[in-house]
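For reference, the structure is listed below as structure tokens.
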Amino acid sequence: MSVAEPQHSSRARRPRPRGSGPLGWSAYVREHWLGRRLVVAVPTLWLAVFFLVPFIIVFGISFSQSVLAIPPYEPLWSWLDDRVLALRLHLGNYDYLFTDALYVSSYLYSVKVAAVSTLFCLLLGYPMAYGIARATPTARSLLLMLIILPFWTSFLLRVYAWIGLLKNNGVINNVLMALGVIHEPITMMQTDMAVYIGIVYSYLPFMILPLYSNLEKHDPALLEAAADLGARPWKAFLRVTLPLSVPGIVAGALLVFIPAVGEYVIPSLLGRSDQLMIGRVLSDEFFENRDWPVASAVAIAMLVLLVAPILVFQRYQNRELAHR
Amino acid sequence: MAEQRSKSSEPWLDPHAEAYIRIENVTRRFGDFVAVNNVSLKVYKGEIFCLLGGSGCGKTTLLRMLAGFEQPSAGALFIDGQDMAGIPPYERPVNMMFQSYALFPHMSVAGNVAFGLEQERLARPEIKRRVAEMLEIVKLSEYAGRKPHQLSGGQRQRVALARSLVKRPKLLLLDEPLGALDRKLREHTQFELIGIQEKLGVTFVVVTHDQEEAMTLASRVGVMNRGEIVQVGTPRQIYEFPASRFVADFIGSVNLFEGQLTEDEPDHVRVRCEELGAPVYVDHGMSAPPLALCWVAVRPEKIVLRRERPAGADNWAHGTIRDVAYMGDMSVFLVRLDSGREVRVTQANITRKPEEQFTWDEAVFLSWDASSPVVGTG
């Protein structure tokens, strides 16, 4: 059957114009490699000066010993006589972290608070991200705007505002008492719940945004295909949407979990005074005890604690990139 | 091809035959836009029915209403005698092969194919057996463990087909099934599809914008335009006897001329066309008012080029060759008639001798058989 258009006449063969298509592009990149390196050099330098160098300093101090001096720690190396340079590494600070129960319990408490908060962020954030991803384009940009809107006010102010809501003669207790629901104010300040509320409230956008950007990319035809093959909506969600959103869940969970472990402001303002989080311990060691070596050891230990989830995050990110 | 296959059974010619799909006055509106306008259609068991039309003609919307992803604004759909109103996609006896294939990227080939069976809560060994059997049919057994992104386009297409057939649906809906494949692979897959359809006895409803695809696959074609079905027929009927100017123009390439009926007898009609030198004589009658304005369609392959003037007063024209495209098995000529009108003519390249072939700027006579032109007023 020959109903085709004669697209390939023997006369119309022109060579491809130069510089078009992927070949031309990669040649362009090769010619301009210097520019590429310069672009990468700026953030590299930034990270080296403001992250790597301070990290090395803190790491060094953690092997030192506290003295009453300025700065309040012994230098790591000293000249024994004129020629011999002595390097003294003091491991006692790390040992000390395990001997005093305060540190271990603070670490565990921090991990627990961060984990529970992350779970609540996920439970609250997933439906919100899903709803935004399924909304009409106009509604979507409005909803995203609302998610980002709290950032226009200082984080510190927003946490202070929670004190006004949660305290014994705060808004919530007053309203409930006026309505006659309760007769005595509920103690909400200085509890674990207040810390959870504060962290979930503050970090929810960091859960929603990566989840949204994952869910928004899902092909709606996949859910139609699942329905077509006999899966009810809930089943289709469990078998298709949820597994495909795992990279978004991982990204969001780590963006909440990692900063929540080291959170300082929220537990200090809203939390218990008998159980400290590790961020508070760290700051107390630095500013109250002026024991910089132990404070540095606490910081390094916290970093080690967070390396594992960061590696998980990297693995998922690489895997998702490889799929594209 | 398609015809020989269905010659034994042409249920649409039997007035008592039970239609498998009945579409009754179905309309679908999106706001002010009418995507499907009052369509009625019957499709019979075992057919490969192609809905053919340009983009935005409503063919995909009609298919999605059969699958249950869209609801008709008015009218009713029946599949196997059952009214489909309010029945969600996951309860319909229908499976669909999506244009994008919509394979689950996180599942292996076997996982994709097994998904539908798992929803039926079949026993594990039964699922395994049927998945293996289906992968055998589409020749993908050794790819069972791969993920969709590790497959070529043709392999993905076969996974999608296997996934939609494994539940043994009575009706399979295919949305541009061959659209993403290259030409060679398409021709191959077309015949594979027909083979599988015959083997499993499934009714196919195929949506395509590609008339070649429709012609090779279909037992019948429904041509759609602006939300309406403008003609239903076998590929041959649609090609040789287009019911309207739109169909004549849409299917294949055609030379359309405006004319006026000068003679309308039971056994012939004669049409005067300004653009042709001689009248057009057609050896079958039509019923139209005398001197009615009409159109005449002549397919390029039905026109013969000659160097000398044909005998007889009718069915010829004179012109100059403006362009030649040599395509191997045939050549396409663009001939400018003396009236200035350009006409497309295709000729099979029967001879290899160059001196016998027509070339640029040559003056030629065009002629055609009295049975070739199609005349219509619609």
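Each value in this text was obtained by applying a stated rule to the coordinates, not by laboratory testing. Nothing here was measured: the structure is a model prediction, and the numbers come from that model. FYI the Cβ positions are ideal-geometry reconstructions off the backbone, even for glycines, and counts take in every protein chain you see.
Express as a percent, rounded to the nearest 5, the fraction of DSSP beta bridges in chain B (both residues included) that run antiparallel.
Once the DSSP bridges in chain B are tallied, antiparallel ones form about 75 percent.
Calculate the mean, over all residues of peptide A:211-222, of how many other protein chain Cβ atoms lie within 10 angstrom of the residue's Cβ.
Values: counts 0, 0, 0, 0, 0, 0, 0, 1, 5, 2, 9, 7.
Per-residue shielding by partner chains comes out at 2.
What number, in percent, do you get for the relative contact order of chain B if the mean sequence gap of Cα pairs under 8 Å and at least 6 apart is divided by its residue count?
Working: 771 pairs, mean separation 56.8, N = 378.
Over chain B, the number comes to 15 percent.
Counting pairwise Cα distances across chain B, what percent come out greater than 27 angstrom?
The share of Cα pairs beyond 27 Å in chain B comes to 58 percent.
How long are the three semi-axes of the equivalent ellipsoid of the stretch A:94-323, in whole Å, if each is the root of 5 times an eigenvalue of the C-alpha gyration tensor, listed from largest down?
36, 26, 15
Just A:Val113, A:Val261, A:Val307 to compare: in a GNM of chain A, with alpha carbon springs under 10 Å, which one fluctuates most?
Result: A:Val307 has the largest fluctuation of those listed.
For peptide B:113-123, compute the average count of partner chain beta-carbon atoms within 10 Å of each residue's beta-carbon.
So the per-residue partner count for this stretch is 3.
For the stretch B:2-246, with only Lys/Arg (+1) and Asp/Glu (-1) charged at the beta-carbon, what is the dipole magnitude about the Cα centre, in debye rounded to 20?
So the dipole magnitude of the stretch B:2-246 works out to roughly 580 debye.
For A:Lys217, which aspartates and glutamates qualify as cross-link partners when the Cα separation must be under 20 Å and same-chain residues fewer than eight apart are set aside?
A:Glu320
What's the center-to-center distance, using Cα atoms, between the stretch A:254-270 and the stretch B:208-254 in Å?
67 Å
Name the aspartates and glutamates eligible as straight-distance cross-link partners of B:Lys184: C-alpha to C-alpha under 18 Å, and not fewer than 8 places from it in the same chain.
A:Glu5, B:Glu176, B:Glu192, B:Asp210, B:Glu212, B:Glu213, B:Asp329
With charges set only on the Cβ (+1 for Lys and Arg, -1 for Asp and Glu), what does the dipole of the protein assembly as shown come to about its Cα centre, in debye to the nearest 20?
1160 debye
Based on the alpha-carbon gyration tensor of the protein assembly as shown, what equivalent-ellipsoid semi-axes (square roots of 5 times the eigenvalues) come out, in whole Å, largest first?
The equivalent ellipsoid of the protein assembly as shown has semi-axes of 74, 33, 24 Å.
Compute the distance from the alpha-carbon center of the stretch B:172-204 to that of the stretch B:266-280, in whole Å.
So the two Cα centres are separated by 42 Å.
Can you list residues whose amide H is under 5 Å from B:Glu228's amide H, if they're 5+ apart or on another chain and H is modeled 1.01 Å from N?
Result for B:Glu228 returns B:Asn37.
Would you look at the GNM of chain A, springs on alpha carbons closer than 10 Å, and say which of A:Ala178, A:Ala41, A:Ala231 moves the most?
For chain A, modelled as a Gaussian network with Cα springs under 10 Å, the answer is A:Ala41.
Provide, for q = 0.10, 0.22 Å⁻¹, the log10 of I(q)/I(0) from a solvent-free Debye sum over equal Cα point scatterers in the stretch B:78-195.
-0.31, -1.31
Too long at a 19 Å Cα-Cα cut-off: which of B:Lys59/B:Lys167; B:Lys170/B:Lys199; B:Lys45/B:Lys167?
B:Lys59/B:Lys167
Report the antiparallel proportion of the DSSP beta bridges in the protein assembly as shown as a percent, rounded to a multiple of 5.
The answer is about 80 percent antiparallel.
Per residue of B:93-105, count partner chain C-beta atoms within 10 Å of its C-beta, then hand back the mean as an integer.
Working: counts 0, 1, 4, 6, 2, 6, 1, 4, 2, 10, 4, 8, 7.
Other-chain Cβ atoms within 10 Å of each residue's Cβ, averaged: 4.
For chain A, what does the helix formula give at 222 nm: sum of -39500 (n - 2.57) over DSSP H segments with n ≥ 4, over the residue count, nearest 500 deg cm²/dmol?
Theoretical 222 nm ellipticity from helices: -20500 deg cm²/dmol.
In square nanometres, what is the average projected area of the Cα convex hull of the stretch B:123-282?
Values: hull surface 54.5 nm².
Projected over every direction and averaged, the Cα hull of the stretch B:123-282 covers 13.6 nm².
Taking just the C-alpha trace of the stretch B:53-95, give me its Rg and Dmax in Å.
Taking only Cα atoms of the stretch B:53-95, I get Rg and Dmax of 10.7, 31 Å.
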